[in-house]
Amino acid sequence: MKIVQLLTRAQRRGAEIFAIQLSESLKRMGHEVLVITLLSGGEGLKFSGRTIHLIRPEEQLLDCKGFWQLSQILKDFQPDLVQANASDTLRYGVAAKWLSAGRFSLVYRNANMMSPFVKSRWTKSFYKFLLNQTDAVISVAEATRLDLMDFYDYSKMIQTIPIGIDSVDIESLAKEELKVELPNSFLLFMGGWVKEKDPEFLLDWFIGQHNHFSDLHLVFLGKGILEESLRKKIDSHGLQEKVLLISNLVNPFPVLHRAKALVLPSKIEGLPGVILEAMYCRVPVLAYGVGGIPEVLKNGETGWCILPNDSQTFVQAIQEVLEMEESSKQQILIQAHNLVLTHFSLPQVTQQFEDFYKDLFAKS
């Protein structure tokens, strides 16, 4: 099978990281895979097969030149299937399919809740139009699947296939030398420094509680538009030695392995890969139960899943993790680790993608 994976840019973000892992796994299964990144910016993603970077300008809704370039690449490659992996890839995939007269099946991979990001009727109509040009949708979680179906009245082939984790890769990367100096005891926020992931909530909690946990530090690993406001607040409270902001690392696993807990107060999510990675690494996970998170994070069983916007319970959960008996904590961490091994291994998930592709071809 000849497969193209469209990525927004070569950035270390969840949707792109998994798309590369999936591409490697499909390649190992004998498929011919071409990876195409569309927009400028980003770094740190590498694929062992053929990769094309279009480096198109951002925020250009009708990028006619980019659409044409992509259609010509697809015309030369002649794929059986093009998978658009979230964000801007949908409009590029639809435009290229039109320009190439629909010579391939177009699948959209829905990696997040879509309805919370839509602020106008025009935007909703535009994305509904784009989705109707696809042949099928793969959604990262049941919550995101139902959201897309209900919000856009999508009636074509759609299936939930989660992300998978590469345990062999994680074990290898975790042994690499740590590239940054870390404190002995820290909570970890790992993800974009943006409003919907709400890193400011975590910082505000730490500002009020850091004296109670004298040896505890807070580490933010990622990047985003809130960096300046986070730094200003850290500086204004004299917490430069207690709170660390670390820009995206190519290999975050040596940091993740050392965390006391992964803490994600996101307001909107699909199914973050970092949650599964932390569960595999036996690191406690605390997160609001948004998107597909409750499908894997079971409170008291595989982690700490808090009702959305219940900040008081979220704070109590942090304190519980820091103070609870080690044997009780280990039981939860073992159950989380086993869940990931059983249901979210990369080979298992890749097989689900291949089966979906074959079903799509059989029905077309």
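The values are calculated or read from the model by the stated rules, or taken from the named source; none is laboratory data. Predicted, not measured: the structure shown is a model, and the values here were computed from it. Virtual Cβ from ideal backbone geometry, glycine too; neighbours counted across all protein chains shown. Note: areas computed on protein heavy atoms with side chains; ligands, DNA, RNA excluded. Shrake-Rupley method; radii C 1.70, N 1.55, O 1.52, S 1.80 Å.
Pick from Gln312, Gln72, Gln83: which is most flexible by mean-square fluctuation in a GNM of the chain where alpha carbon atoms under 10 Å apart are linked?
It is Gln312.
Classify the range 61-197 as rounded, prolate or oblate, taking a ≥ b ≥ c as the square roots of the eigenvalues of its Cα gyration tensor: rounded when a/c is under 1.5, otherwise prolate if a/b is larger than b/c and oblate if not. Mind showing how you got there, number by number?
Working: a/c = 2.04, a/b = 1.55, b/c = 1.31.
Because a/c hits 1.5 or more and a/b exceeds b/c, the range 61-197 counts as prolate.
What number, in percent, do you get for the relative contact order of the range 49-167 if the mean sequence gap of Cα pairs under 8 Å and at least 6 apart is divided by its residue count?
Dividing the mean separation by the residue count of the range 49-167 yields 20 percent.
Over the range 235-334, what is the relative contact order in percent, taking alpha-carbon pairs closer than 8 angstrom and at least six residues apart?
22
Taking R0 as 51 Å, what's the FRET efficiency between Arg103 and Val194 from their Cβ-Cβ distance, rounded to 0.05? Working shown, then result.
On the way: r = 37 Å, r/R0 = 0.73.
Efficiency, from the Cβ-Cβ distance: 0.85.
Based on the Cβ-Cβ distance of Val168 and Leu62, what FRET efficiency does E = 1/(1 + (r/R0)^6) give at R0 = 35 Å, to the nearest 0.05?
Values: r = 43 Å, r/R0 = 1.23.
E(calc), rounded to 0.05, equals 0.25.
What GluC sites (Glu not before Pro) in the range 135-178 are in a loop by DSSP, with at most 15 other Cβ atoms within 10 Å of the Cβ?
Working: sites: Glu142, Glu171, Glu176, Glu177; in loops: Glu176, Glu177.
When the GluC sites (Glu not before Pro) of the range 135-178 are filtered for loop state and at most 15 Cβ neighbours within 10 Å, Glu176, Glu177 remain.
Counting each DSSP H run of 4 or more residues in the chain as -39500 (n - 2.57), what helix-only mean residue ellipticity at 222 nm follows after dividing by all residues, to the nearest 500 deg cm²/dmol?
Working: 13 runs with 155 residues, N = 364.
Calculated at 222 nm, the ellipticity per residue is -13000 deg cm²/dmol.
Taking a probe of 1.4 Å, how large is the accessible area per residue of the chain, in Å²?
45
Shape call for the range 1-80 from the C-alpha gyration tensor, a ≥ b ≥ c root eigenvalues: rounded (a/c under 1.5), prolate (a/b greater than b/c) or oblate?
Numbers: a/c = 2.52, a/b = 1.24, b/c = 2.03.
Verdict is oblate for the range 1-80.
Could you check how much of the accessible area of the range 226-364 is carbon and sulfur, as a whole percent, using a 1.4 Å probe? Could the numbers behind the result be given before it?
On the way: 2950 of 6140 Å².
Accessible surface attributable to carbon and sulfur in the range 226-364 totals 48 percent.
Size of the dipole of the range 321-364 about the Cα centre, Lys and Arg at +1 and Asp and Glu at -1 on the beta carbon, nothing else charged, in debye to 20?
Working: 3 positive and 6 negative charges, 52 e Å.
My answer is approximately 260 debye.
What distance in nm separates the two pseudo spin-label positions at Glu142 and Ser229, each 7 Å out from Cα along the beta-carbon direction?
For the pair Glu142/Ser229, the computed spacing is 3.5 nm.
So what does Thr342 come to for accessible area, using a 1.4 Å probe and Å² rounded to 10?
Approximately 80 Å² for this residue.
Looking at the chain, identify the longest residue range that excludes and avoids all trypsin sites (Lys or Arg not before Pro) in DSSP loops having at most 10 other Cβ atoms within 10 Å.
The segment 176-364 is the longest one with no such site.
Nearest 0.05, what FRET efficiency do Gln209 and Asn251 give at R0 = 25 Å with Cβ-Cβ as r? Present the calculation step by step, with values, prior to reporting the outcome.
Values: r = 30 Å, r/R0 = 1.20.
Between Gln209 and Asn251 the formula returns 0.25.
Select from Asp166, Asp204, Asp88 the residue whose mean-square fluctuation is largest in a Gaussian network model of the chain (Cα-Cα springs shorter than 10 Å).
Asp204
Would you work out the charge dipole size for the chain about its Cα centre, treating the Cβ of every Lys and Arg as +1 and the Cβ of every Asp and Glu as -1, and quote it to the nearest 20 debye? Write out the running numbers ahead of the final one.
Numbers: 38 positive and 42 negative charges, 258 e Å.
Dipole magnitude for the chain comes out near 1240 debye.
Which of the three applies to the range 246-336, rounded, prolate or oblate, going by the alpha-carbon gyration tensor with a ≥ b ≥ c and a/c under 1.5 meaning rounded?
Details: a/c = 1.43, a/b = 1.06, b/c = 1.34.
Judged from the Cα gyration tensor, the range 246-336 comes out rounded (a/c under 1.5).
Under the definition of Cα pairs under 8 Å and six or more residues apart, what whole-number percent is the relative contact order of the range 114-236? Walk me through the intermediate numbers first.
Numbers: 93 pairs, mean separation 24.5, N = 123.
With pairs under 8 Å counted, the relative contact order is 20 percent.
Which of these values of Cα extents along the principal axes in Å was calculated from the structure shown: (i) 62, 41, 37; (ii) 75, 67, 41; (iii) 64, 41, 41?
(iii)
Given Gln319, Leu341, Asn248, which one lies farthest toward the positive end of the charge dipole of the chain, if we put +1 on the Cβ of every Lys and Arg and -1 on the Cβ of every Asp and Glu?
Final value for the positive-end residue is Asn248.
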